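Only one structure is covered here, and it is reproduced in the block below.
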Amino acid sequence: METFFDNQVQELIEKTDIIFKTYLKAKRNDAQAKVTIPKSFTKEFFSLVDQVSLSLMEDKDNFYGYFLMQMSREIRFDISSPTAVNFKGAKYVLHFNPIIFLNLNLKQMESTIKHEILHIVSLHLIRAKEFQADYSTLAINMAMNVVVNTYLDHLPPYAVTLEWVNLKYSLKLLPFKPFEYYLEGIQTALDLLEADEDAADERDTDDSDDTDDSKDKTGTANGGTPDRDQDETIETEYHPEKAHDLWEDSSDIDEKTLQKFTEKFISHAQKGSIPNYLESMISSLKNSRGELPWNLYLKKLMGTVESHKKKTITRRNRRQPDRLDLRGQLRSHKANIVVALDISGSISDQEFHQAIKEVLDIVKNYNHELTIVECDSEIRRVYNVKSAKDINDRINIRGGTRFTPVFEYANHHKVNLLVYFTDGKGEDKLLTIPKGYKTLWVISGRGDKLSLKEAYGAVKKLKNIVANDDSLNINDVKRDGFSMNDQEGMHV
Amino acid sequence: MNFADTLKSVDLVLSTGEVPLIVGESGIGKTALAKEIAQQNHWSLIVINGNLLKEGEIGGLPTIESYVGVNDKEAQVEKKATVYAVHHKLREIDEETSQGKIVLLFIDEINRCEHTVQQELMNLVLNREINGYKLPEGVKILAAMNPSSKYGSDFDYQVVDMDAAQENRFVWLSMEPDYHQWLDWAIDAGIEQKVIEFISTFPDYLHKINEDDLRATPRSYERISSSYKMYQEKKSSIPRSVFLNVVKGNVGRLIAEELVSFVEADHRSLIAYQDVFSENSLPESIRDKVKNESHTRLYLSAKNILKDLEATILYDREDSKFYIETLIEFLNLYPVDLKIGLMKDIKNSYPEVYKHALENEAFIASYFEAYRLIRS
């Protein structure tokens, strides 16, 4: 049954055809002719895009819908893929080539938009630049498309998928691997083909091998076969190696800012639940930046830690200001720092040693005293440290965690600063309220947050040192081919 | 509380003789508020910055003074006593009050000084006396500080928290910037039109805490306004990148990019709340405006309008029917995907509007109508 949507697509295809033909006619008379897009066409075309976007507003796809809402849209006939993105004027711009786009069905249209958004979310626009010097554009483009398309259903028939790449270049690349992995594989395959090609070329230049698309097209770009590239301003079919050319056209903006913009777009688009694969992409994006590290906070805190007085000649004695022979006093900063270590927690010895070294590095410029308090449900051991080699190996009593004993200790020992390393799982309310010192919580990479409702201080996470876990998980087991289904959690 | 509310609260607290303490992020106009209140009441303003004081300064240095006393044999003897020098700010107060003026003593940055300085200032606040110097009758005290981690904000300010006894001396007033009021102020203060339009388009950017980047505060936009003025005057000699860098130095990278491209794009101002709801029905002119706007800008303006509408409906339940009907009429002008997106937003983030919208059949009908486009 024909829907309203399908009818609209049909109409638009006819109109595109007219535009295309008028252009060709004009071109015959005047080589400089430009494609003219009537306003009414633009309007109709975008109202169609609105409907695709509406269809993206549903359920878990609404991330894409909201993301698309923040992007500008433009029509361009000179791109060789249905859609393309770049970044202009503080916004991502989504470009459509109606000739290619209109030949897709609704689901495929959705997918091609999702495809572009996934490129953005995976920061491919930024990452591609790194590899441009050493790898061919074709390899980079294909590798990126493989990564993105693995997550999508309803792809257009010519989409570069993992199966396609594996088949075409006789590779055995695995699914759900990072971009760099595919890039390496594809580039190697391309290099091999090129070597073969060169050998073949020496024998017979005209009998070029049609299986190697890349060769063929790089040829056309340099002004080769005219039938393929009759027209540079209108593209009618998909070319994988040109698919991301538009990225070059982005406004001049440094990577950090671009990443910040991407994060902003993402956070505005994140409403309700999103598919798991997107969630992991987004969290890896956020991790790559990392938050202000805890040691920076410690540095800041050190400036405000105070204790004894020191004699100074810059001030007069407050009691005897006329007697210049008496020295005045200034507050000095001798820090009495307590580092509490939750030995029940899952902080590894290496993590802790590393952290303590950093603490020592930060406080070395201050007159300080550093005490380590090991604690689980009660205080197990207290000792002073002067340098990293004084750190004792941990005793292995691993009970439950309670924070209160440490705070009781700190309250009684004139502490200036308490740094608490823990996995964050303990009581939810302190029985003793910290008095007269600041607290910095450092939550180990594996813990997620502090169980206390009121932290009485800053809570920071230890940098994520990802512990590689290679054991097979039930969710890793493929159930249903390379489709979106195996990205979802199992409902058992 | 916004500026106006804080101002009124400060007034009230001062009139009861208590000491108000304004807590607010940097750059949102605490000092401006003190100036404003002094000006309104024709008081003279004297500012003490806590962070500049060292221990003992406000108390004054002690010297010895001899005086003639009487000993137990009724003979006159010379005795000694410590007297303290008076800090020049306190002397200023004396001078002002001696002319019969009322003085507003504004103690700024009260939590960015050393603990001991805090104690001294507290003596002023609590006993109105320090080391023999007595604050005259006509002196009103107002204090201000940045929020500290103790009260929920992050560790960004190097503050020294007050203890419970000190905290108890004040009437705490927390102050937040309000873009409506800022816009009103900005127009009067002669802030550049483009900057004003930028804030009315992106109200959230007026006060924005950028992680690991500069914060944008009302104060930064004041500075941007003057550099923009310069940039326009000397466009030939100042390259765009220089201007961009200056803006970056005020509000951080992200907002800077956004602002500079906004300035360049030469946008008209967004459709605003007043445009939609000022008349008895949706004005005809809106129709054309919506047609000519881009998706992103329509989305922004709808979100700004919804934010205001949520507040209006909360106060004015009587007229809710009018508001919702106009809103639906307005949203129906929107491209279909935006409309659905906004309806979903209403459901998630604007509970008051949503509650009233649900009672409206046109709202529901319009929602389902949208999906009929893509389903047969």
Residue-ordered couplings for region A:352-358, obtained by feeding phi - 60° into the Karplus form 6.51 cos²θ - 1.76 cosθ + 1.60 and rounding to whole Hz (Gly and Pro as x), are 5, 4, 4, 5, 5, 4, 5
Sort out for me the Cα centre separation of region A:77-95 from region B:318-376, rounded to whole Å.
31
At 0.36 nm per residue, and after removing the present C-alpha to C-alpha distance, how many nm does the segment from residue B:84 to residue B:15 gain when stretched out fully?
21.7 nm
Out of B:64, B:196, B:48, a Gaussian network model of chain B with alpha-carbon springs under 10 Å gives the largest mean-square fluctuation to B:64
Taking every residue in A:434-444, how many Cβ atoms of other protein chains lie within 10 Å of its Cβ, on average?
1
For residue B:73, go through the lysines and keep the ones whose alpha-carbon is under 22 Å away, minus same-chain ones fewer than eight residues off.
none
Could you work out the mean count of beta carbons from other protein chains within 10 Å of each residue's beta carbon in A:70-81?
1
What does DSSP give for chain B in terms of the percent of beta bridges that are antiparallel, rounded to the nearest 5?
40
Cα-centre dipole for region A:349-394 with unit charges at Cβ (Lys and Arg positive, Asp and Glu negative), debye to 20:
220
Sort largest first and round to whole Å: the equivalent ellipsoid semi-axes of region A:23-150, each the square root of five times a Cα gyration tensor eigenvalue.
26, 22, 13
With charges only on Cβ, +1 for K and R and -1 for D and E, what is the dipole size of region A:52-146 about its Cα centre, in debye, rounded to 20?
160
Which whole-number percentage describes the relative contact order of region A:45-94, with Cα contacts under 8 Å and a sequence gap of 6 or more?
27
Just to be sure I understand the model, the point goes 7 Å from the Cα along the line to the Cβ. What's the resulting residue A:264 to residue A:389 distance in nm?
5.2
Cross-link pairs beyond the 30 Å C-alpha cut-off, checked among A:357/A:438; A:389/A:461; A:299/B:89; B:30/B:339:
A:299/B:89; B:30/B:339
Taking the Cα centre as origin and putting +1 on Lys and Arg beta-carbons and -1 on Asp and Glu beta-carbons, what dipole magnitude results for region B:1-150, to the nearest 20 debye?
140
Peptide ranges A:272-280, A:181-189 listed from the most packed, as the mean C-beta count within 10 angstrom indicates
A:181-189, A:272-280
Please list A:322, B:5 from largest to smallest accessible area, probe radius 1.4 Å, with all protein chains kept in place.
A:322, B:5
Please give the peptides B:339-347, B:80-88 ranked by average Cβ packing (other Cβ atoms within 10 Å per residue), highest first, as a rough proxy for protection.
B:339-347, B:80-88
Taking +1 at the Cβ of each Lys and Arg and -1 at the Cβ of each Asp and Glu, which of B:113, B:3, B:255 sits farthest along the dipole of chain B towards its positive end, judged by Cα position relative to the Cα centre?
B:255
Give the average, rounded to an integer, of partner chain Cβ atoms located within 10 angstrom of each Cβ in B:252-265.
4
If packing is taken as the average count of other Cβ atoms within 10 Å, what order do A:416-427, B:49-60, B:262-273, B:217-228 fall into, highest mean first?
A:416-427, B:217-228, B:49-60, B:262-273
Average Cα contact separation per residue, chain B, under 8 Å, 6 or more apart, as relative contact order %
15
Could you please put A:4, A:261, A:20 in sequence from largest to smallest accessible area, using a 1.4 Å probe?
A:4, A:20, A:261
Longer than 29 Å from Cα to Cα, which of A:264/B:307; A:168/A:242; A:453/B:248 are they? Say none if no pair is.
A:453/B:248
Mind counting lysine pairs for me in region A:1-147? Cα separation below 19 Å, and the two need to be 8 or more apart along the chain or on different chains.
12
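The values are calculated or read from the model by the stated rules, or taken from the named source; none is laboratory data. Because the structure is a prediction, the values reported are computed rather than measured. Every residue, glycine as well, gets a Cβ built from its backbone with ideal geometry; the counts of neighbours run over all protein chains shown. Note: accessible area is taken over every heavy atom of the protein model, side chains too, but ligands, DNA and RNA are not part of it. Shrake-Rupley method; radii C 1.70, N 1.55, O 1.52, S 1.80 Å.
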